[in-house]
Every structure is written in C-alpha cells, then in structure tokens.
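The values are calculated or read from the model by the stated rules, or taken from the named source; none is laboratory data. Computed from a prediction, not measured in an experiment: that's the story for all the values here. Note that we place each Cβ from the backbone using ideal geometry, even for glycine, and neighbour counts take in every protein chain shown.
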Amino acid sequence: MRRTRFVGALTAAALLVAGPTAAQPMDPEDPEDPGPVPGAIDRTPPTINIDYPTGGVDGWFPGPRTVPVLVVDQGTGGGASSGVGQVSYTMTGATELEEMFEGHRGSIPVSNEGSTQIDIVATDNNGNRAEARIWVGIDRVAPTITYAAHLGHGAEYALGQRVLSGFSCWDGHSGVATCNGSVANGAPLNTSTPGTRTLVVTTTDPVGNARQATLTYHVRRGTFTVQQPPTISGAPRVGETLTATPATFAPEPTAVEHRWYRNGSVLTGFTEPTYTVRPQDAGSTIHYASVPVLEHHDGVPATSSPLTIAKSLEADGPARITGEAKVGGVLTAVAPGVTEVRVETLLPQRATTDTYTYQWLRDGQPIAGATGASYRPGAADAGRSLSVRLTVRRPQFEPLVLQSAGTAAVARAAAQVEAKAKAKARGKVKLKVAVTASGAVPDGTVVVRRGKKVLGTAVLKNGRATLVLKRLPRGKAKLAIAYGGSAAVEAAGTTVRAKVR
C-alpha cells in the first residue's frame, strides 16, 4: 500500500500522557526509568520516545531501517512514578508481527518492501497506558516505464512519418520523482532520415531508485509512387530513333536517370531519353526505365511497355514483271529470293513461311483492286507504264517492300472485225458489224466503202453497229468495212460480199 504521508506521531515523542510529579530526574543521554516511588500514587502514563530513522522522504526509505524506542515513566508531576510495566508493538501491512520489549527500551527492524504500520503500547506498573503509531516505508524498486500503445519495440516507420513520443512512469510505493524521455512526451519522433533510432526514458523515485528503458525503432528509406508510367514513341525498326517520355513520381525527385534494356538486360552507356535502334537489336524487345533520384529514397525503376524490334529481310534481286504489256495480255509479278539480314550477335532463326502481297501501279499510282500476282491490262492502261509493288512479310521481321521497274507503254489490243450483209428490196443492204478485242470493248466508228466510195458510217455501241445501205446498183457488190480504232484498240477491217436486188 502506497503512502506519501504519515498519520500519527512521526517525532521522538509519539504520544505523551501526563503522570505524577514525583518522577526522578533522568540522564538526557540515557534516561532510565526511575522505578516505583513508595507511598506515591502514579496517575500519568509513560512517555514513548521514538528515534525515527533519517534519510527518508515522506516516510519512505531505500532499504531496511531500525526504529529505536525508549519508554520512561516520570510519574505525576515528576514526583510519583510507578515504573514502566510493559512495552509491546504490533506491525501490520508489509510486515505482520507482534512483539514485546524486554524492559523499557528496544529496536524495531523494518525490512519488508512496502509500507508497515507500527503501533506501540506502553503501560506503567500502575496501569497507566500510552500509545504511539508510526509508518515506515521500504522502497527498493525503481518506477516502471510504459511506452504508449502506438509505439512498439523494433517498429518500422516510413521516412517523414509523423509519430508522437509517448510514455508514462509509475511507482506503487514512494511515487515518481522524475520521468523524462530523450524526446519529450507528445513530441514527434525523429523520422527525417533513415536508420535506427531510440527513445530513451529515465525515471527515479523520491528515495533514489532509478530505471532507464530504451525503445528502438527503425526508419525506412523513402519510396516513390509512380503517378504516370514512362512511354516510348518511334518506329521499332533498325535505324529509327526511339524517344522516351519519362515517368512522373511522388514525391518529386531531384533528378531522373534514364535506362534502356534489351531483352530485360540493361544497355550500358545509353543514359539519354532517346535511343537509336541498332542492327543487333533486331528480333529483341526494347524497353525504357525512369529511375528517380532523391536523398534518403530508394529509386526503383519505372518501366515502359516493351517494343519488339523487327528483324530485316533482304532480296537477292529486284521484283520483275513477265508477259506482254498489251491491253488484253497477262502480266505476272516475279518475286526475287528473300533472306534474313544476318547480324553476328544474333542466333539463327527458325525458317518460316513468307507471305506476299501485291499492288499493281499505273504510272506509279495504285490501281484499285489490282492486288493479285498477275494483272491483265485493260483499256485504261493503254499507252501507260505498269509496275508492281511487292511486299514480303515474315513473323518478327520488318516487311520488305520491293517495286519493279515500269513496263514500256502498254500497247493497244488487236481488233477483229466481223460483218454480215443481207440484201433487201430496191437496192438496200442491211449490214451488221461486230468489232471485238481482248481486254477492251472497242468504241469509235466503222466506215463502209465500195471501192473508193463511202457508202455509210456508224458509231459502235458495245462493239457493234448496224447500217442500212440504200440505192445500191443491182448485182454483186464487194463492201469494205474499216474500223478506225480507239485509244485502247488498234484499227482493223474486213470485207463482205452482198447481192443487191
């Protein structure tokens, strides 16, 4: 039980009761009981003298103590004394004990931890009774130290995290005299730099018992949050320049380092936000990383999505065109042999099937729908130059685009003229003319002659025309039909015989 103050007499005279005046004088250094006085009546209780220990604080001592007690009976008015009859004491609290002195003096030892109450009772031979009560506290244990619940031994905190110091001290005996920390209670702990830190608390009680406790905590190095990942722009081809847009971070770094990787391995010496693709990169993946730099922070790279660098193909010759460049003819594209461009640092690649696509060109411009390996020139091609653009594709390779040389001007298609004559009455002949050509529908006009005389003309519609010749002389007639040709079809002619009636 903790007590900070004593109740009762804490001085040398604990409880005094007046006695007869016939008491004998005592040596103040070693007073003796004068003993009974014959014929006198003693009505005064004995005097209990307690030599209370020194060196304590509010009745508490740092170790065992002995309490000397002296009881004297002076009698009434110092004249009549019946003498000390009996002295006893009772200890309760930290020590439980009942004892009796042999004579009028004795010492009471107090050694148990805690507060002990001592009740002293003295009687003289005439039955007069005196009482005294004191408390003596023994405190050998220093106050305890308790850290706040939010603090833990070995705890880790983020760089700059706000963590408040918190602790308390408690003593169940003499109390707490001091309770101080290396960081004041309620003040922020130091988390400004990474490393191991301590919060040291020292405490003492009033009798000098002291304790120190140390709480260790760790401050982690700072980390970054990627607000926007990096990106790469540019064509993933050998010889092209890739440009990186660095990542953004929180907190904002003082600098950003640039790194380029091939197939996951860093490329030494490439520390700029741009990178020119080299031949040895073909067939590999390239990605970029931004590395933030800030004191006391770990710069973990923020990486972009990878780009696959296409390998290159090369042809062993040009693309060619075979066939007759003539309206109605057939032209065929011929692809050269295609092989992989080799780089010494690249391993051999498994052979794959190439795919070919075609685009035919008229005077260098794409012809709509002309995407086959062969092409039949039409009327629109007459007099124009034709070429073909050939694209070779292979997985993981950059497409190889080849273009043939142009043909000579496409020649006009050869025409065939057919005519049928049917005689009518009164010198009339009905003439049906058909002009055909491969790859084109002839248009233009046909002229009918008999000898040098022009008998009639007609305009072809879908290659056909019908004429009615009149006022022809009777008899056999030889008619010449001449087709004048067109931009796509050559001129042609034929003859037909008719019997005019």
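Only one residue in ARG412, ARG394 is buried (at least 19 other Cβ atoms within 10 Å of the Cβ) and farther than 22 Å from LEU460 by Cα, so which one is that? Full working, then the answer.
On the way: ARG412 fails: farther than 22 Å from LEU460 by Cα.
Sole residue among the options that is buried (at least 19 other Cβ atoms within 10 Å of the Cβ) and farther than 22 Å from LEU460 by Cα: ARG394.
Can you tell me how many residues in segment 71-87 are buried (at least 22 other Cβ atoms within 10 Å of the Cβ) and not hydroxyl-bearing (Ser, Thr, Tyr)? I'd like the intermediate steps shown before the answer.
Applying the first criterion (buried (at least 22 other Cβ atoms within 10 Å of the Cβ)) to segment 71-87 yields 71-76, 80-82, 84, 87.
Then drop every residue that is not not hydroxyl-bearing (Ser, Thr, Tyr), which leaves 71-75, 80, 84, 87.
Total meeting the criteria: 8.
Have a look at THR191, THR196 and point out the one that is closer than 30 Å to PRO253 by Cα, assigned to a strand (DSSP E or B) and not basic (Lys, Arg).
Values: THR191 fails: assigned to a strand (DSSP E or B).
On inspection, the qualifying residue turns out to be THR196.
Take ALA132 and tell me if it is surrounded by 13 or more Cβ atoms within 10 Å (Cβ to Cβ) and either in contact with a helix residue (DSSP H, G or I) (Cβ under 7 Å, 6 or more places away or on another chain) or assigned to a strand (DSSP E or B) (or both). Walk me through it before giving the result.
Numbers: surrounded by 13 or more Cβ atoms within 10 Å (Cβ to Cβ): yes; either in contact with a helix residue (DSSP H, G or I) (Cβ under 7 Å, 6 or more places away or on another chain) or assigned to a strand (DSSP E or B) (or both): yes.
The answer is yes for ALA132.
Tell me the residue from SER374, SER387, SER404 that is within 15 Å of GLY323 (Cβ to Cβ), in contact with a Phe, Trp or Tyr (Cβ under 8 Å, 6 or more places away or on another chain), surrounded by 15 or more Cβ atoms within 10 Å (Cβ to Cβ) and touching a residue at least 12 places away in the same chain (Cβ under 8 Å), please.
Just a single option satisfies the conditions, and that option is SER387.
Looking only at residues in segment 325-342 that are surrounded by 13 or more Cβ atoms within 10 Å (Cβ to Cβ) and either free of Cβ contacts under 8 Å to residues at least 12 places away in the same chain or assigned to a strand (DSSP E or B) (or both), which one is farthest from the chain's Cα centre (by Cα)? Spell out the reasoning first.
Filtering segment 325-342 for residues surrounded by 13 or more Cβ atoms within 10 Å (Cβ to Cβ) gives 325-336, 338, 340-342.
If we keep only those that are either free of Cβ contacts under 8 Å to residues at least 12 places away in the same chain or assigned to a strand (DSSP E or B) (or both) as well, we get 326, 331-334, 338, 340, 342.
Numbers: LYS326: 67, LEU331: 61, THR332: 58, ALA333: 55, VAL334: 55, VAL338: 46, GLU340: 41, ARG342: 40 Å.
Going through the qualifying residues, I end up with LYS326.
Mind checking which pairs have a first residue in segment 408-427 that is under 16 Å from GLU490 (Cβ atoms) and a second that is acidic (Asp, Glu) and in a loop (DSSP other than H, G, I, E, B), Cβ under 8 Å, 6 or more apart or different chains?
ALA411/GLU324; ARG412/GLU490; ALA413/GLU490; ALA414/GLU490; ALA415/GLU490
If I ask for residues that are at pLDDT 95 or above and outside any loop (DSSP other than H, G, I, E, B), which ones from segment 358-380 would you list?
Those that are at pLDDT 95 or above and outside any loop (DSSP other than H, G, I, E, B): TYR358, GLN359, TRP360, LEU361, ARG362, GLN365, PRO366, SER374, TYR375.
Which one of VAL435, VAL468, VAL447 is surrounded by fewer than 19 Cβ atoms within 10 Å (Cβ to Cβ), at pLDDT 95 or above, over 23 Å from ARG362 (Cβ atoms) and not acidic (Asp, Glu)?
Working: VAL435 fails: surrounded by fewer than 19 Cβ atoms within 10 Å (Cβ to Cβ); VAL468 fails: at pLDDT 95 or above.
Of the residues listed, the single one that is surrounded by fewer than 19 Cβ atoms within 10 Å (Cβ to Cβ), at pLDDT 95 or above, over 23 Å from ARG362 (Cβ atoms) and not acidic (Asp, Glu) is VAL447.
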